Amino acid sequence: MMALPIGDGNPEPEPDPYADAALVRPFLTRLLDAASSEPDSDVPEAAGVRSYAMTGGRSAAVVPLEFESMLQTTARGAVVMSGLMFERLAIAQLCSTEILSVAELSARLHLPIGVVRVVAADLLSEGLLEAFMSNLSVADDVSLISRLIEGVRAL
């Protein structure tokens, strides 16, 4: 005669060895979840390499640009815009329709701000963009702060 298991017939689940790790190291569960899930096709696998390629390996801009520096495409930039490619073209196009800050460009293009600073500085040094600094300090420029808040909310 065969003995029947007592209870609902389901075996006891194995204890999760990482259950307490989430309290001590919350990033560990994100790493485990990321490793078990399928890769996201929208996120490039080599984002760090791509940023390096976009800036030519540079992390500092030729011309110092602040986050709040306002950029606009020059007349020369509008003429040669058709010859630009990738991020350079995107920055020139956005700055041709309206004056945007470096931070706003970063948010709209979904690019790291360091990349935008380097690429925009290259365009500035080539005379394709012009930069303006606000007469007010950043803390006094209510419209800039409002636009930055809206940009952060859009992320």
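Here, each number is a calculation from the coordinates, and none is a lab measurement. These numbers come from a predicted model, not from an experiment. Quick reminder, even Gly has a Cβ in these numbers, built from the backbone with ideal geometry, and neighbours come from all protein chains shown.
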**Request:** Would you calculate the separation in nanometres between label points at Val80 and Ile99, each defined as 7 Å from the Cα along the Cα-to-beta-carbon direction?
**Result:** 2.3
**Complete:** With 0.36 nm assigned to each residue of separation and the Cα-Cα distance removed, Arg153 to His110 gains 14.2 nm
